[in-house]
Amino acid sequence: MAGFSKIALDADTASGLKMGDRNAQATAYRVLGPSVMGMAVRILQDRSLAEEVVQDTFVSLIERASTLRNSEAVVAWIRQTAVNHCLMRLRSPWQQRRSSSDMAEELDHAEDADRVDGLHDLERALARLGARTRMVLWLHDVEGYTHKEIGKLFGKTSSYSKSKLARGYQKLLDVYGGEKDDEIARAAHVESACAS
């Protein structure tokens, strides 16, 4: 599963974004929209909230593209903007009141025609984690954020990120009983050692 690091916008598209070119905006949406949606769905475990994140992220891009200094950094800016929109939703009182069981049930009944085989198990596993733990795990393991960057996002230290990640791995190990999860077990052991 690839994060944003595998995506690049060509220089013409990035320059067109800065000038407000609608074709460049459409190209950016086509290239980056699926990654924003994928990340948001897996972090938020709610398709309608994820769609809001996609919309808000690209509205922000259209409104602020002319202020971006470095056209090569557009992909990173979009990723960061999407992460911030996800975090805003996780912090909302409404989202905090939703239970994990509600989200898991919602996932069980979701009809997602473009879901790739094998991702259903990943989504079920992620749904078993708390919202913040899920976000830390996704940002660290998929998007490549450092513990320091994640801690800063949450207004905490890097120890917060390390602790959440280690607890997330442990929860996944507890749920799935270690069957064919040697890689997760090794990662959990390494992260636990780093957290202490």
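The values are calculated or read from the model by the stated rules, or taken from the named source; none is laboratory data. Since the structure is predicted, the reported quantities are computational estimates derived from the model, not experimental observations. Glycine also receives a Cβ, built like all others from the backbone with ideal geometry; neighbour counts cover every protein chain displayed.
ARG22 meets each of the listed conditions (1) crowded, with 19+ Cβ neighbours inside 10 Å; (2) without any contact (Cβ under 8 Å) to a residue 24 or more places away in the chain apart from (1).
Helices (runs of 4 or more DSSP H) fully within region 1-86 that include at least 2 residues being in contact with a Leu (Cβ under 9 Å, 6 or more places away or on another chain), modelled with pLDDT of 90 or more and farther than 20 Å from VAL142 by Cβ: 22-44, 47-64.
Just checking, which of VAL53, VAL41 is crowded, with 17+ Cβ neighbours inside 10 Å and under 13 Å from ILE78 (Cβ atoms)? Please lay out each step first, then the result.
Details: VAL41 fails: under 13 Å from ILE78 (Cβ atoms).
Being crowded, with 17+ Cβ neighbours inside 10 Å and under 13 Å from ILE78 (Cβ atoms) holds for just one of VAL53, VAL41, which is VAL53.
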